[in-house]
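A quick write-up on the structure given underneath.
Bear in mind these aren't lab numbers, they're just calculated from the coordinates by the rules spelled out. Model, not experiment: these values are computed from the prediction. In this analysis, Cβ positions are derived from the backbone assuming ideal geometry, glycine residues included, and neighbour counts consider all displayed protein chains.
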């Protein structure tokens, strides 16, 4: 399991670093914008530059995973992005769903290695 989570951490780091940097300078060719609600959603992300904030979180999370520092923080930064990829793939355009499933599986594999860092959030607090 140690080797599996190491490979998953490196792959997840590379994916988010590359695609995060691509949001700042488009070096990966992109197809046409989707139509309908998916196109409107993407248009809003680009026109408001919200996509740059998403790219920043992707780059930071990817770098933290690659240098193996603050891995739980990196997972916290990337989790909402992965949820958004999955929701976009499910509700708006099915093209994003396969990649969302892959990064979600990689995230779970990395999480399984550092889950003890998240132990505090799974404990019920008693009223003081």
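Some observations on this one:
- Compactness of the stretch 18-128 as Cα Rg over 2.2 N^0.38 Å, two decimals: 1.23
- Least to most buried among 111, 50 (fewest other Cβ within 10 Å first): 50, 111
- Judged by the mean number of other Cβ atoms found within 10 Å, the most tightly packed of the peptides 75-81, 4-10 leads the ranking 75-81, 4-10.
- Cα long-axis angle, helix 36-47 against the chain (0 to 90 degrees, to the nearest 10): 80 degrees
- Expected 222 nm ellipticity per residue - DSSP helices of 4 or more, -39500 (n - 2.57), all of the chain, to 500: -24500 deg cm²/dmol
- Counting neighbouring beta carbons within 10 Å and listing from fewest to most, the residues 57, 24, 19 come out as 24, 57, 19.
- Crossing angle, helix 71-91 versus the chain [Cα axis fit, 0-90 degrees, rounded to tens]: 40 degrees
- Length gained on full extension, residue 2 to residue 87, computed as 0.36 nm times the residue gap minus the Cα-Cα distance: 27.6 nm.
- Ellipsoid equivalent to the stretch 63-116 - semi-axes via the Cα gyration tensor, in Å: 23, 10, 9
- Sorting 99, 116 from the fewest to the most surrounding beta carbons within 10 angstrom yields 116, 99.
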